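First the structure, in the form of C-alpha cells, and then the observations on it.
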Amino acid sequence: MGISSTGLVTRVVARGMHTEAYQRFRDQPTLQSTFRIAASLPIVGALIDYGKRVQSKALLSIILEKNPSEYPPYLKKIADDINGKLIGTDGARGEVKTYQQAIHDLGRAGKLDGGLPPSPTELLKVHGILTPEFSEVLGKAHALVLGNNRPYFIGGDTRISKEILTKAFANGLASQGIEVLWTKIPVTTPALGFRSREDVEYTVVVSASHNAPPDNGLKTFKNGEKLPDDLERKIELVALLLGEGLLQIDPVSSPKGVREIHSAGTVYGEYIGYVTRKIEQLMGGRTYFPFEGYKIVMDLAHGAACEVNPKIFEKLGSIVIRMNETPNGELINRRETGSKLPSGALAFDDVEKEENWAPLKERVLTEKADLGIAFDGDADRGFVYVPGQKGSGIVVDGDMMLAFLALHLKDEKGTRLFNHVVPTTMSNVGLIQALQRSKIPFSLAQVGDKYVARRMKEVSANLGGEQSGHAIPSDFQTTGDGAMVAALFLSTLIRLGEPRKAFEKLKEIPMYPQVKKNITASSIEKAEAFMSVLDDRLSRENGEIYRAILEKIQRAYKGYILKVASCAKGDKHVTNRELYVTVLDPKQQVVGWVSIRQSGTEKKKIRVYGNHVDKSRGEQIHKGSDGLEAFVESYLVD
C-alpha cells in the first residue's frame, strides 16, 4: 500500500509541469506540504479554501484564542480529521524509529509507491511510527500552545529510545524560549506527575506504559493531571501544521538551554516522601514503620519502578523481595516464565491468563510473603496478588481494587473514605453489583484514566479507575499511581487485622469472566474506516453493518433489556465512535455489557469485549463462525 494518495497527487502535479517548474514546486515547502496534507487527509475541498489562509502568526492566534468547536470551517475540518490520530488517550505513542529507518523499512515492505515520502507526521498517523523528528515538532507545538515562563521537566522509564525522543522534544521547546530540565534516571509516571504539582507547571513523560519495548510515547502533565482534550486538540493541530510546513514559526532570538538533572533525590525524592507521609497519616499518624513485619514480593517489570517503588515500601517498614528488577529497556514489561527470561508475555494484557501470573504467585508462596505486587513499565498502575490457603490466591485487578477500597477503607471512626466511585464502561459487572449492594454511588466514564479523572471532577467522586490497573484515589493522588494504591491496599489489610483475612473479603466480591478479543487490523486506515461505521450511521452501507451488529447482540440476549449508549443523547461514558450496550435483567439490574471500541494507544487494535453474569451467554455472542468477533474481523483483516 502506498502513502495514502500522496504519490498520486505528486505525480499528477509533476505531469502538468516542466522539469524546471516541478523543481521549483519541490523547493517550496508550503506548496509541497499543502499537497501532502491534501493526500493524507480527506479534506481536499477544505484545502482549496485554505489557499486564502491567513499568515502563520494570525493563523496561530486563531488556534490559540478560539475553542476548537469555533474554528473557521477550513480549520475545523482539519482539526476534526486529525483528532486523536497523533495524540491518543495516553499521549502520542508508536513504534520508535529514526525517519531514515522508517522510510527504509516501509520501502522494503512495499508500502511506498514513489513520489514524496511520508512526513514524520504521516508516519505516526498512518503507520504508527514515532520518530525523533515528530517529537521535536511536538515539543515546539507544546511551547506555542501552552507557553510557560517556568521550566519543563522531562523524564521517563527505561526504554532505549527515551533519550533520543527526550532530546528532540527538548530542542523543540528550547527553540521557542522554554527552559528544559531532563533526566536519564528512570522515574515513574506518578512521580513525574507529582513534580508538576510541586516544582514545575508541566512535566513530560517519555513512556509507552505497558506496551512492548520497541514502542514509546510522550504525555504531558499540568499541575499533576493530564492535559484536557481542548489543549491536546490544539497541540495536535499545531503539530500537524508545523510538521507539514503550513505553519512557519521561526526560533526565538534567544533560545533557552537544556539542562540534565543527575541526582536521583532531586528527581523522585520528594515524591517518595509524599507517599510515605500520606500513608503514615492514614495509619493514625504512625511515623515508625507502619508496614513493619510485612513481606512483599515486587515485580518491577524492568521499568521505571525499579528504584522508586521498593524504596517507598521499605521506608514504611516492609521487607521487599524484588523480581524483574533490572532497569533494562530491552526487557521492559517482560515477565519471568520459570527460569527463562524474557518470555514475551506481557502480564497486563490479560489478568485472566494464568501463565502471566504464575511466576509472581510461585515467588510469593516460596518466600511466604504477605503480598505480591506487579507494576507496569511506568508504574502508573499495578495489580496485587493475595495468597490464600493451600496455594490458592487471588489476583486483584483494577476493578476488584476499586471495590475493595470502596467497601473496606475507612477512617478511625469507621466511616468509608470513598463516597462516590467512577469505573469505566469496561469494568466488570461484579464491581457494579458490589457498589449497588453497598449503596455506594457510582458513575461510568469512558475508557482512559484521564477520562476517569475528568468524570470524577464532574460528579465530585474521590475514587475512580480502570480494570487495567489504573486507580485514582483523588484525596491521595491526582493521577494513576500503582505504588500509592498498593500502599492503600496494604493499609486496609492491616486495619482489617490480618492480611490473610483479605482473601475471604476479596472472595465476597463477585468477578465474572469476560470475553475479550483484540483484533489487529491490516492497517490503521482499516481500523479507522471500521470505526467510522459507528460514527456515520446514516449512510446505507454503514447502517446495514451497524444493524447487523445489533441484531447479533439482540439474538444472544433475548429476554433481556438492552440499552445502547449514545453520545448524541448525552451519555458521557461513550464517544460517537464506539458501540456500548448495557444488558439489564427484568428488574433493571445490570447483568452484562458488550463493547466495540478502538484502542486509544494501539491504533490498529479494535477491542471486542463482553461481560455477563452467565459466561455461556457472553461467549455465545462472541464465538463461532456467526459470532461478533468473526463478523468484525472480516472487515479488519485482509
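The values are calculated or read from the model by the stated rules, or taken from the named source; none is laboratory data. In this text, all values refer to a predicted model and were calculated from it rather than measured experimentally. Using ideal geometry, Cβ is built from the backbone for each residue, glycine included, and neighbour counts are taken over all protein chains shown. Side chains are part of the model used for accessible areas, which takes the heavy atoms of the whole protein and leaves out ligands, DNA and RNA. Shrake-Rupley method; radii C 1.70, N 1.55, O 1.52, S 1.80 Å.
Some observations on this one:
- Centroid-to-centroid separation of region 249-273 and region 278-328 [C-alpha atoms, Å]: 27 Å
- FRET efficiency, 1/(1 + (r/R0)^6) with R0 35 Å, evaluated for E508 and D626 via beta carbons: 0.40
- Estimated at 0.36 nm per residue, the fully extended path between K390 and N223 surpasses their Cα-Cα distance by 55.4 nm.
- With the highest mean first, a sort of the peptides 71-80, 227-236 on other beta-carbon atoms found within 10 angstrom per residue produces 227-236, 71-80.
- Packing around the peptides 471-478, 546-553, taken as the average count of other Cβ atoms within 10 Å per residue, puts them in this order, highest first: 471-478, 546-553.
- Solvent-accessible area per residue for region 364-489 (1.4 angstrom probe, square angstrom): 29 Å²
- Sequence ranges 527-533, 359-365, ranked by mean other-Cβ count within 10 angstrom, highest first: 359-365, 527-533
- Extents of region 515-638, largest first, come to 42, 33, 29 Å (Cα atoms, principal axes, whole angstrom).
- Evaluated with a Cβ-only charge set (Lys, Arg +1; Asp, Glu -1), the chain carries a dipole of roughly 820 debye about its Cα centre, given to the nearest 20.
- Rounded D (µm²/s) - region 174-321, Kirkwood Rh over Cα pairs, Stokes-Einstein at 4 °C, 1.567 mPa s: 72 µm²/s
- Per-atom-type breakdown for the chain gives carbon and sulfur 49% of the accessible area (1.4 Å probe, protein chains only).
- Net length gained if the chain between L64 and S253 were fully extended (0.36 nm per residue, minus Cα distance): 65.9 nm
- The structure shown yields semi-axes √(5λ) of the Cα gyration tensor in Å, and of the options (i) 110, 52, 18; (ii) 55, 31, 21; (iii) 42, 31, 22 that calculated value carries the label (iii).
- Under-5 Å amide H pairs with L112, H placed in peptide plane, nonlocal only: none
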